[in-house]
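This report concerns only the one structure given below.
The values are calculated or read from the model by the stated rules, or taken from the named source; none is laboratory data. Given the structure is predicted, the values throughout are model-derived calculations rather than measurements. Positions of Cβ are generated from backbone atoms using ideal geometry, with glycine treated the same way; all protein chains shown enter the neighbour counts.
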Ligand code: B1M
């Protein structure tokens, strides 16, 4: 792997946000995910390459370490902050310059769930694909989804869940949307979610990644 990508991945794995982050001790005073990502982009690396070859694999390593109890929640949180430090440089590359939008997408992480990195990536790619995105954030109640759908007729809805426990809330939200807004197209995703689960809860489409969500929306573009 490209040396700078290796360094960015290590920063995310160890929670080295930027130059002033004092840990890990052997990286004190050195650039963090923030500066290195900027540098990588300035050196001509593709934003998608930084995402796919450094940031996303690094978060997977963080998850594995957490599962093995080698790190705990605070370290996981620092890794998430380092990831966000990198993402702020990448995001502008995915923002669409188009003024006429293809349609609207309401997106959020379901109730009880605070994970937003994957959801933010999906939102970013959809926006980059020319759609207006209404991002409701994390821990979004069914009521909030329903209210936003009522305020935005014709909008698509995207639900993200990262915990096996909150998949149950995804199911409840889908059921409530179906009850009140039969016509709304619902996309679901997130690490524990599967195509089979999507079908079981009555959502319209499952994507394991942001590109799949963008491709799904393409067929409905308003033009
Ligand atoms: Co949490 N966490 N976490 N965590 N965390 C996981 C999910 C876990 C798998 C770690 C592990 O055990 N190995 C585990 C869940 C186990 C389970 O339920 N089976 C777990 C746990 C247990 C917890 C806590 C309960 C820990 C605790 O407190 N004891 C707690 C829960 C808090 C809560 O939500 N109520 C918790 C907390 C946290 C932090 C806050 C510290 C932090 C989140 C910070 C943040 O998001 N701002 C965190 C993190 C960082 C992780 C891991 C390490 C990384 C998640 C991530 O960002 N991945 C994660 C382990 C892992 O996933 N390997 C873990 C990178 C991201 C790009 O991938 O989110 O999968 P992902 O998104 C992908 C796809 O899934 C897809 O596209 C994205 C890009 O490819 N996708 C969609 C996502 N949403 C989509 C929507 C779509 C389509 C595609 O359409 C709408």
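Listing for the model above:
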{"item": "Index of the failed condition, residue 9 passing every other in (1) in contact with a helix residue (DSSP H, G or I) (Cβ under 6 Å, 6 or more places away or on another chain); (2) farther than 21 Å from residue 118 by Cβ; (3) modelled with pLDDT of 95 or more", "result": "(2)"}
{"item": "Matching entry among 76, 124 (being farther than 18 Å from residue 156 by Cβ and touching a helix residue (DSSP H, G or I) at 6+ places or on another chain (Cβ under 6 Å))", "result": "76"}
{"item": "Qualifying residue in segment 34-43 (condition: outside any helix (DSSP H, G or I), more than 25 Å from residue 9 (Cβ to Cβ) and touching a helix residue (DSSP H, G or I) at 6+ places or on another chain (Cβ under 9 Å))", "result": "no"}
{"item": "First in segment 150-165 and on the phi < 0 side of the Ramachandran plot, second anywhere and in a helix (DSSP H, G or I) and within 6 Å of the ligand (Cβ to nearest atom), Cβ under 8 Å, 6 or more apart", "result": "158/119; 158/122; 158/213; 160/118; 160/119; 160/122; 162/118"}
{"item": "Criterion: surrounded by 18 or more Cβ atoms within 10 Å (Cβ to Cβ) and more than 14 Å from residue 188 (Cα to Cα) - qualifying residue of 130, 118", "result": "130"}
{"item": "Residue identified as more than 16 Å from the chain's Cα centre (by Cα), more than 8 Å from the ligand (Cβ to nearest atom) and on the phi > 0 side of the Ramachandran plot among 112, 202", "result": "202"}
{"item": "Test: residue in segment 155-166 that is near the ligand (Cβ under 10 Å from one of its atoms), part of a helix (DSSP H, G or I) and touching a strand residue (DSSP E or B) at 6+ places or on another chain (Cβ under 9 Å)", "result": "yes"}
{"item": "Criterion violated by residue 24 - all others in (1) within 10 Å of the ligand (Cβ to nearest atom); (2) at pLDDT below 95 satisfied", "result": "(1)"}
{"item": "Residue within segment 47-55 that is touching a strand residue (DSSP E or B) at 6+ places or on another chain (Cβ under 7 Å), under 23 Å from residue 129 (Cα atoms) and surrounded by fewer than 18 Cβ atoms within 10 Å (Cβ to Cβ) present", "result": "no"}
{"item": "Extreme residue, nearest to the ligand (Cβ to nearest atom), among residues of segment 178-199 that are over 23 Å from residue 127 (Cα atoms) and in contact (Cβ under 8 Å) with a residue 12 or more places away in the chain", "result": "192"}
{"item": "Criterion (more than 8 Å from the ligand (Cβ to nearest atom), in a helix (DSSP H, G or I) and modelled with pLDDT of 95 or more) met by exactly one of 170, 125", "result": "170"}
{"item": "Subset of segment 57-83 [more than 16 Å from residue 34 (Cβ to Cβ) and either more than 6 Å from the ligand (Cβ to nearest atom) or not in a helix (DSSP H, G or I) (or both)]", "result": "57, 61, 64, 65, 68, 69, 70, 71, 72, 74, 75"}
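Yes/no per residue for (1) modelled with pLDDT of 95 or more; (2) assigned to a helix (DSSP H, G or I); (3) within 17 Å of residue 162 (Cα to Cα):
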site	(1), (2), (3)
177	yes, yes, no
184	yes, no, no
196	yes, yes, yes
200	yes, yes, no
212	no, yes, no
215	no, yes, no
220	no, no, no
